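These notes concern the structure reproduced below.
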Amino acid sequence: MGIQKQIAVLPGDGIGPDVINQAIRVLDTIAKKYNHQFSYQFALMGADAIDKTGEPLPQATLDLCKASDAVLFGAVGHPKYDQDPNAKVRPEQGLLKLRKELGLFANIRPVTTYPTLYHLSPIKSNLLEHVDIEIFRELTGGIYFGKKETSIDGKSALDTCTYHVDEIARIARLAFKRAEERKRKLTLVDKANVLETSRLWRRTVNEIAKEFPDVEVFQMYVDNAAMQLIINPSQFDVILTENMFGDILSDEASVLAGSLGLLPSASIGNGTAVFEPIHGSYPQAAGKDIANPSAAILSAAMMLDHFGLHQEASEIRTAIEWTISNSFVTKDIDPINFYFTSTIGELVCDFIMNRVEDAIHKANIQLRKSTII
Ligand code: IPM
Ligand code: MG
């Protein structure tokens, strides 16, 4: 007997709709194979929502998210806002509000490398072997959400970074639990030689570490961590860090994978969880069927894990690995011999439904492959 879930879908801007369509297609295939019922309710978010309603996260979208079992989210952002630092309403505000309103205090970003893609990373291949990292980034506190001010004369500004021990403890426990299931190594990244908040993180994490005696804890300053991620990335297992350090380090870590188009994420808290690719809206590629849907499809897999559907999630991951190792890849990975977004989605579904033989011999796969030489 399968399960029933209601999923709020926020495709957002740019390539968001392109990649989310493929994630839904894959979810539908899983639903069919395992007899689950997933229903989807679509809602507005980002620049698209600003154009239509004046707000980046309309109340109706928020209400829908709160009433759903999970949120599948594409991307937000539009160049017209990036070029205007004075814009009063920005698409990113919608994302920050969604995180705050849903209490999404933990952002989980796995970084996996694929041997056939080592050449795409600017990092030497030998350093990429055995890289398998999960970053736990605190998402609703710190400098992102502290008091902000610009003086009346416009000549000074402040952003404050505040953390409460409870905010640290709740994400730390999640990260330790995950480390227990993995290689039992947790690295706390902070700047405890300078920042009070970092010292609070250290004290709190050291306390919580006592509840998880099997997990080995390492502490690393963020400047050193930025360097270690490049010179010796395989030393990391679970990385635990505060909001802004996590933002920066997760973009840095993504270069290990070779393409931003491969990295999924989960944001979880006390209420509805949100699953989204870490890449942005890439407006130049919107609607062209060339974006990489892997990160969105892998985000859907993280959603299934969250529902407790681990076998289903792992089938999706295996299917994505199969596409990559057979060079069924999009333009970001192979600019000459690339397949379209929708073709990758179709191949992943074919693999899940054991139609691989048919799939790779299907003439239309060839037809849908780029002919640029
Ligand atoms: C991310 C993004 C966001 C962040 C932006 C879009 C506000 O960079 O999810 O990492 O800084 O958290
Ligand atoms: Mg970021």
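The values are calculated or read from the model by the stated rules, or taken from the named source; none is laboratory data. Everything quoted here is computed from the prediction, not taken from an experiment. Counting neighbours? That spans all protein chains shown, and the Cβs are built from the backbone with ideal geometry, glycine included. Surface accessibility is based on the protein's heavy atoms, side chains included, excluding ligands, DNA and RNA. Shrake-Rupley method; radii C 1.70, N 1.55, O 1.52, S 1.80 Å.
Relative to the longest principal axis of the Cα atoms of the chain, the long axis of helix 243-257 makes an angle of roughly 30 degrees. Modelled spin labels at residue 155 and residue 4, positioned 7 Å past Cα toward Cβ, are 6.5 nm from each other.
For the stretch 258-316, evaluate the Debye formula with one uniform point scatterer on each Cα (no solvent term) and list log10 I(q)/I(0) at q = 0.12, 0.14 Å⁻¹, rounded to two decimals. Each listed q corresponds, in turn, to -0.32, -0.43. With the largest listed first and rounded to whole Å, the semi-axes of the equivalent ellipsoid of the stretch 82-149 from the Cα gyration tensor are 34, 17, 11. If you line up the long axis of helix 196-209 against the longest principal axis of the chain, both from Cα atoms, how many degrees apart are they, to the nearest 10? Long axis of 196-209 versus the principal axis of the chain: about 70 degrees. When the P(r) of the stretch 217-316 is calculated, the portion above 17 Å amounts to 61% of the C-alpha pairs. Between residue 184 and residue 224, the FRET efficiency estimated from the beta carbon spacing at R0 = 22 angstrom works out to 0.50. Spin-label pair residue 234-residue 356: with each label point 7 Å from Cα along the Cα-Cβ axis, the two points sit 2.6 nm from one another.
Taking all protein chains as they are arranged and a probe of 1.4 Å, the heavy atoms of residue 123 leave approximately 20 Å² accessible to solvent. Size descriptors for the stretch 17-160: radius of gyration and Dmax over Cα atoms are 19.5, 63 Å. Applying a DSSP loop filter and a limit of 14 other Cβ atoms within 10 Å to the chymotrypsin sites (Phe, Trp or Tyr not before Pro) in the stretch 156-228 leaves nothing.
Where both bridge residues fall in the chain, DSSP classifies roughly 40% of the beta bridges as antiparallel.
Each 10 Å bin from 0 upward holds the following percent of the Cα-Cα pairs of the stretch 1-88: 17, 42, 27, 11, 3, 0. Counting lysine pairs in the stretch 122-257 whose alpha carbons fall under 26 angstrom apart, excluding pairs fewer than 8 residues apart on the same chain, gives 12.
Here the translational diffusion coefficient of the chain follows from Stokes-Einstein with Rh set to the Kirkwood radius across Cα pairs; for 4 °C and 1.567 mPa s it amounts to 60 µm²/s. Of 78, 36, the order by accessible heavy-atom surface (1.4 Å probe, DNA, RNA and ligands excluded), from most exposed downward, is 78, 36. When a 1.4 Å probe is rolled over the protein heavy atoms, the share of accessible surface on the chain that falls to carbon and sulfur comes to 53 percent. Distances between every pair of Cα atoms in the stretch 45-94, grouped in 10 Å steps from 0 to the bin holding the largest one, split as 26, 51, 19, 4 percent. Estimated at 0.36 nm per residue, the fully extended path between residue 193 and residue 166 surpasses their Cα-Cα distance by 7.5 nm. In the stretch 45-128, the C-alpha radius of gyration followed by the widest Cα-Cα span (Dmax) gives 17.5, 50 angstrom.
Taking each DSSP H run with n ≥ 4 as -39500 (n - 2.57) and averaging over every residue of the chain yields -13000 deg cm²/dmol at 222 nm. Of the whole protein surface, residue 48 contributes about 50 Å² of accessible area at a 1.4 Å probe radius. Partners of residue 52 within straight-line reach, counting lysines whose Cα lies under 24 Å from its Cα and excluding those fewer than 8 residues away in the same chain: 66, 80, 88, 97, 100, 288.
Normalising the Debye intensity of the stretch 245-290 to I(0), with uniform scatterers on Cα atoms only, and taking log10 at q = 0.14, 0.27 Å⁻¹ returns -0.45, -1.06. Convex hull volume per residue, computed on the Cα atoms of the stretch 122-257, equals 114 Å³.
Taking every protein chain into account, the 1.4 Å probe leaves residue 207 with about 110 Å² of accessible area, to the nearest ten. For the chain, find the longest principal axis of its Cα atoms and tell me its angle to the long axis of helix 294-306, 0 to 90°, nearest 10. Roughly 70 degrees between the two axes. Between residue 251 and residue 209, the distance separating the two model label sites (each 7 Å from Cα on the Cα→Cβ line) works out to 3.0 nm.
Considering only alpha-carbon pairs that sit under 8 angstrom and 6 or more positions apart, the relative contact order computed for the chain is 21 percent.
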